[in-house]
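Enquirer: I have a structure here, written as structure tokens, and I will follow up with some questions on it.
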Amino acid sequence: MNIRPSAAIRQNYNEIADLCRKTSEPIFLTKNGEGDLVVMDIDTYNRREQMLKLREELLAVEEDRLHGVPGCTIDEVTAMMRAAIQEASHGGK
């Protein structure tokens, strides 16, 4: 875990930005010895946001399953995936 004082962002922006990109980890900034901000590179942020969105979608599907909402059969999923691949390989035409 990378922890730096908040003044480091002003004094060493390039170093902190490079460290974020190199490690793909957030850097925690402190103010007066207390946690204040978290800084991360945009790629790491986007990956985390996509992961959170996927987790939300999986949770919603699991809740539906637990409440008895009918799902798709393997054959139906296979057909949908083949259709999507077909559509993507033809540029959506």
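The values are calculated or read from the model by the stated rules, or taken from the named source; none is laboratory data. Predicted model, so just to flag it, every value in this text is computed and none were measured. Counting neighbours? That spans all protein chains shown, and the Cβs are built from the backbone with ideal geometry, glycine included. Ligands, DNA and RNA are excluded from the accessible area calculation, which covers all protein heavy atoms including side chains. Shrake-Rupley method; radii C 1.70, N 1.55, O 1.52, S 1.80 Å.
Enquirer: For the chain, find the longest principal axis of its Cα atoms and tell me its angle to the long axis of helix 42-66, 0 to 90°, nearest 10.
Expert: Roughly 40 degrees, rounded to the nearest 10.
Enquirer: When the helices in the chain are scored as -39500 (n - 2.57) per DSSP H run of 4 or longer and the sum is shared across all residues, what 222 nm value do you end up with, to the nearest 500 deg cm²/dmol?
Expert: Numbers: 4 runs with 57 residues, N = 93.
It lands at -20000 deg cm²/dmol.
Enquirer: Nearest 10 degrees is fine. How inclined is helix 74-89 to the longest principal axis of the chain, computing both from alpha carbons?
Expert: Roughly 70 degrees, rounded to the nearest 10.
Enquirer: Let me check against my output: what whole-number percent is the relative contact order of the chain, with C-alpha pairs under 8 Å and at least 6 apart? List each step's numbers first, then the result.
Expert: Numbers: 64 pairs, mean separation 17.7, N = 93.
Here the relative contact order equals 19 percent.
Enquirer: Okay, next question. So how compact is the chain: Cα radius of gyration and Dmax in angstrom?
Expert: 21.5, 59
Enquirer: Go through 67, 90 and list them by solvent-accessible area, largest first, probe radius 1.4 Å. Can you show the working numbers first?
Expert: Values: 67 155, 90 100 Å².
So, going from the largest accessible area down, we get 67, 90.
Enquirer: To test your reading of the geometry: what angle, between 0 and 90 degrees and rounded to tens, separates the Cα axis of helix 13-23 from the longest principal axis of the chain?
Expert: With rounding to tens, the tilt is 40 degrees.
Enquirer: Can you tell me the convex hull volume per residue for the stretch 1-47, based on C-alpha atoms, in Å³ to the nearest whole number?
Expert: Values: hull volume 3.0 nm³, N = 47.
Taking only Cα atoms, the stretch 1-47 has a hull volume of 63 Å³ per residue.
Enquirer: What does the charge dipole of the chain about its Cα centre add up to, to the nearest 20 debye, if the Cβ of each Lys and Arg holds +1 and the Cβ of each Asp and Glu holds -1? List each step's numbers first, then the result.
Expert: Details: 12 positive and 16 negative charges, 77 e Å.
Using only the charged Cβ atoms, the result is roughly 360 debye.
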